[in-house]
Amino acid sequence: MLACGTDEPASTTPGADAVYKNGRIYTVDGQRSWAEALAISDGKIVYVGSNDGVTAHTGSNTVVTDLRGRFVLPGLQDSHVHPIGGGIEASACNLNDQPGLAEYRTIIGEYAAANPDVPWILGGGWAMSVFGPGGSPNRDILDELVPDRPVFLSSQDGHTGWANSVALEMAGIDKNTPDPVDGRIDRDPLTGEASGGLQEGAMKLVTRLIPATTDEDRLAGLRYALAMLNEYGITGIQDANVDADSLDAYKELERRGELSLHVVGSIWWDRERDMGQIADIIALRDKYTGGLIDAGTVKIMQDGVMENYTAAMLEPYLVPDGTRGIPMIEPELLKRVVSRLDAEGFQVHFHAIGDAAVRQSLDAVEEGLIDNGRLGHRHHISHLQMIDPQDIPRFKELDVVANFQPLWAYADLYVTELTIPFIGEERARWMYPIKSVQDAGGMIAFGSDWSVSTANPYHQMETAITRKGAVDDDMESMIPEERIDLETAIAAFTINAAFVNRNETNTGSLEVGKSADLVVLDRNLFEIEPQAISETKALLTLFQGRPVFGDPAAL
């Protein structure tokens, strides 16, 4: 009998379930060592080392795969992603990746015509840059395309809603409707009437009327996302916004044997409720944590985004009203909330874009350290578009992980047209200061924020290394002194992301005893120019030793 993929007789002794040899395996262990081969049994790695050494694990029933020199990494992990919502949006009125308003018009009109019985036209993915400074869309366009049904389309980043007149009227929104404390109703500057854009918390005025998402919708959206993530080589995630319904979806797919990655669920902190919600959050953690799911994280959104001037800033925006943005939770209350969550054993996952929100988040973690001591819950702040230089050393000092979305660290229209003119060049120097945080000793982890931007980790790695657009190499690097090296980018998607996800003893590197989560790529990232990283494709993804994308026999 011959083992699959080799012309040598198989040993008659018992061996591992599978052996992969003749590879260029970057293990991301503590020594950042390389290997040629590894062996897998019962979903765990039982050997990592040389081709000669793996022969001891090759038995008569071992499936042997010749990697033929291909590059292998630990399964990648995304530290901030929205799988269910992104998957649902992909099957709705999907405006993602479209270049402009003409394409939006076509898609919205065609979707409405193809779905005449749908009571609401829902979806999103439109770019704020299409609508100029402030990123505010107008209802007139939607009224023209869909005059007889409510329309609500969320922006690409999820911080603005675009509603037509029918939806606004159903919500009772007119020129006399006050702005909520955590949002803004965009208005016609002459009449004061609602113009169609709903910023941040103002979206809830309409979304509360939208028919509830069904269980089947959530399962379908999650299946879509899992297939996409596995195709990129991703085997672990932190879902940045979960509730009982979404946790039910994860648990149901796990029950059916369809959950093909490790999941940390960040339970949403409801700003409209008081501290009493902590009891409910504890109940969710206790109910859903187990197996592939960890529900021990709480998500706190502390501000909005710079493009609509809702990100909380230390100094005013350069706009007529001189706003400093919207801190979603009053800073002193935030301290009490975070300290209590820390004491209850939760990791806190902050959304903070502006430098004031970042400082408020760090201050809240510091309060928890003062009150509770260092409990090691791995709190992390995501996005971090701007950090005041004085706060950069605090990430290490407070054991806070800097969870960047590296694809945003280049000079696209969001930066050049919607951000820099309204904060000034001096402050813009501190946008996405990844290298500065690293040099100060802080831990860096990466996440995509899909469907806000692509979940493709190779696009993200390239941008972090070059500070250029992954598909536009001709532009100048944005703040080139903040570029990082390949080793740092890989660690941010593997062992550091696993640390954030509280799973580094089981994942994040290829070592004996760990879960056999790995990805085989079509090129060695260490042997190509950084500008080519974005062209990388995964050939095979293993999760707990089984293929969840690709076929070992086809390598």
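The values are calculated or read from the model by the stated rules, or taken from the named source; none is laboratory data. What you see is a predicted model, and the numbers here were worked out from it, not measured in a lab. Ideal geometry is used to build each Cβ from the backbone, glycine not excepted, and the neighbour counts take in all protein chains shown.
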Only one of 343, 283, 279, 311 is within 24 Å of the chain's Cα centre (by Cα), outside the structural domain of residue 157 (by TED's automatic domain parsing) and either modelled with pLDDT of 95 or more or more than 20 Å from residue 421 (Cα to Cα) (or both). Can you tell me which?
311
Matching residues, region 325-379, being assigned to a loop (DSSP other than H, G, I, E, B) and among the acidic types (Asp, Glu)
330, 344
Could we say that residue 499 is among the aromatic types (Phe, Trp, Tyr) and in contact with a Gly (Cβ under 8 Å, 6 or more places away or on another chain) here?
yes
Hits in region 132-155 (condition: surrounded by fewer than 20 Cβ atoms within 10 Å (Cβ to Cβ) and touching a Pro at 6+ places or on another chain (Cβ under 9 Å)):
133, 149
Looking only at residues in region 491-527 that are under 20 Å from residue 237 (Cα atoms) and of a type in the set (Lys, Arg), which one is nearest to the chain's Cα centre (by Cα)?
502
Which of the residues spanning region 314-340 are of a type in the set (D, E, K, R) and either outside the structural domain of residue 400 (by TED's automatic domain parsing) or touching a Pro at 6+ places or on another chain (Cβ under 6 Å) (or both)?
324
So, residue 319, is that one of a type in the set (A, V, I, L, M, F, W, C), crowded, with 22+ Cβ neighbours inside 10 Å and touching a residue at least 12 places away in the same chain (Cβ under 8 Å) or not?
no
From the option list 124, 100, single residue qualifying as at pLDDT below 95 and buried (at least 19 other Cβ atoms within 10 Å of the Cβ) is 124
Do we find that residue 274 is part of a loop (DSSP other than H, G, I, E, B), more than 30 Å from residue 128 (Cβ to Cβ) and not small (Gly, Ala, Ser) in this structure?
yes
What tally of residues in region 231-241 results from selecting those that are over 13 Å from the mean Cα position of the chain (by Cα) and over 16 Å from residue 460 (Cα atoms)?
1
Looking at this structure, is residue 199 crowded, with 20+ Cβ neighbours inside 10 Å, assigned by TED's automatic domain parsing to the domain that holds residue 117 and on the phi < 0 side of the Ramachandran plot?
yes
On the given criteria, is residue 264 within 18 Å of the chain's Cα centre (by Cα), within 19 Å of residue 379 (Cβ to Cβ), surrounded by 24 or more Cβ atoms within 10 Å (Cβ to Cβ) and not aromatic (Phe, Trp, Tyr)?
yes
Just give me the residues in region 130-145 being in a helix (DSSP H, G or I) and within 9 Å of residue 197 (Cα to Cα), in sequence order.
139
So if I check each of 272, 216, 252, which one is touching a residue at least 24 places away in the same chain (Cβ under 8 Å) and surrounded by fewer than 19 Cβ atoms within 10 Å (Cβ to Cβ)?
252
Pick from 244, 240, 220, 249: which is under 28 Å from residue 490 (Cα atoms) and at pLDDT 95 or above?
240
Residues satisfying the stated conditions in region 160-193, i.e. part of a helix (DSSP H, G or I) and free of Cβ contacts under 8 Å to residues at least 40 places away in the same chain
165, 166, 168, 169, 170
